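Could you have a look at this structure, given as structure tokens, before my questions?
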Amino acid sequence: MIAIIGMLVAILLPAVQATREAARKTQCSNNLKQIALGAQSFHLSNRSLPSNGWGFSWLGETRRGTGASQPGGWIFQLLPFVEQTQVHQLATSGSESDLPRRVSALATAPVELFRCPSRSVGALAPQGSDFSYTNAIQPVMVNRTDYAINEGDWFSHSGGGPPSASPEDLDDYSWVDQRKITGVSWERGSSSLAHIRDGTSQTYFCGEKRVSTLGYDTDADNGHDQSMFSGVDIDITRWSIVKPAPDSVDLELFERRFGSAHASGFHMSYCDGSTDFVSYEVDSELHRSRGNRMDN
């Protein structure tokens, strides 16, 4: 009898696991659908897609609005458009002296919408230890995201951002040359839907990012070690010039790729609000061109 039960468990367990993963994939796809529709609403209000902030050493500040004046990236700017206004308001300060504490609290507020359930890890994970935020008290644990915006097929190599928000420091900082960026959101800037010449249904908006399994619960992966509400960095940005890949133990050369914890592919949302499941075997040139909004 015990042997029979053991055989039945061995037969049924893979089927149960497959059913659970199918449910997780459906939830992940629904997350990206909501995010993509939130981006459509954002565009209606602002006439452009959300920009991507000032750099990795800055977190979002509610008082600075959207666009070039907002140090927080695309996820922070989308919050009011995906029913997360309460989280967005955490970065509002009653006084200048209290702002770093409030912004730090923002970095520890988990938002499940921006996480894939197939990466079954905690909502908070260790903050990377090799840098500090300019406008926040340094948190120990931060809310990380499994999704990244599409910056296209040219690596911008954005930095940490200016040392302060003073007009002098903003003017003196070496910002990235936006004219070279081919995606839809970047440092202090973004595209409008009207300027996506290749068509909104053919151009990536955002999607799942590849992460090292060694970085799931640690700060080992440089592309997965800081808050989802930071400014532009490899934690919230990916590029289509590199081939997508599934999660694995590798740490090198993968932190700029789209990918996922799913076995056969990854979810992407497009600039028209649609979503798709893309195979890891996708043609490299097709993948690259979907990231470029203007290469015809």
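Out of the residues in region 33-66 that are under 19 Å from THR134 (Cα atoms) and not in a loop (DSSP other than H, G, I, E, B), which is least open to solvent (accessible area, probe 1.4 Å)?
LEU59
If I go through region 211-256 residue by residue, how many of them are closer than 27 Å to SER289 by Cβ, open to solvent by 10 Å² or more (accessible area, probe 1.4 Å) and either of a type in the set (Ser, Thr, Tyr) or assigned to a helix (DSSP H, G or I) (or both)?
Qualifying residue count for the region: 1.
What are the residue pairs meeting all of these: first residue in region 21-44, first residue closer than 19 Å to PHE266 by Cα, second residue hydroxyl-bearing (Ser, Thr, Tyr) and open to solvent by 30 Å² or more (accessible area, probe 1.4 Å), Cβ atoms under 6 Å, and 6 or more apart or on different chains?
Qualifying pairs under 6 Å: SER29/THR275; LEU32/THR275; LYS33/THR275.
For region 140-170, which residues satisfy the criterion of being more than 23 Å from SER191 (Cβ to Cβ), aliphatic (A, V, I, L, M) and open to solvent by 20 Å² or more (accessible area, probe 1.4 Å)?
VAL140, MET141, ALA165, listed by residue number.
Tell me, which residue of region 114-139 that is hydrophobic (A, V, I, L, M, F, W, C), open to solvent by 20 Å² or more (accessible area, probe 1.4 Å) and at pLDDT 90 or above is nearest to SER212 (Cα to Cα)?
Out of the qualifying residues, it is LEU124.
I would also like to ask the following. Take the residues of region 97-113 that are of a type outside the set (A, V, I, L, M) and within 17 Å of the chain's Cα centre (by Cα): which is most open to solvent (accessible area, probe 1.4 Å)?
Only one residue tops the list, namely GLU112.
Sort out which residues of region 69-86 are buried (at least 17 other Cβ atoms within 10 Å of the Cβ) and under 24 Å from PHE131 (Cα atoms), and write them in order of number.
GLN70, PRO71, GLY72, GLY73, TRP74, ILE75, PHE76, GLN77
Which residue out of PHE205, PHE258, PHE229, PHE254 is at pLDDT below 95 and aromatic (Phe, Trp, Tyr)?
PHE254
Can you name the residue in region 154-213 that is of a type in the set (A, V, I, L, M, F, W, C) and within 19 Å of PHE258 (Cα to Cα) and, of all such residues, is nearest to the chain's Cα centre (by Cα)?
Only one residue fits best here, namely CYS206.
Can you name the residue in region 173-210 that is buried (at least 24 other Cβ atoms within 10 Å of the Cβ) and acidic (Asp, Glu) and, of all such residues, is farthest from TRP154 (Cα to Cα)?
Selected residue: GLU208.
While we're looking at this one, here's another question. Is it the case, given these coordinates, that ARG197 is basic (Lys, Arg) and part of a loop (DSSP other than H, G, I, E, B)?
Judged against the criteria, ARG197 is a match.
The values are calculated or read from the model by the stated rules, or taken from the named source; none is laboratory data. Computed from a prediction, not measured in an experiment: that's the story for all the values here. When we count neighbours, we look across all protein chains shown, and the Cβ atoms used for this are built from the backbone with ideal geometry, even at glycine. Keep in mind that these areas ignore ligands, DNA and RNA; they rest on the heavy atoms of the full protein, side chains included. Shrake-Rupley method; radii C 1.70, N 1.55, O 1.52, S 1.80 Å.
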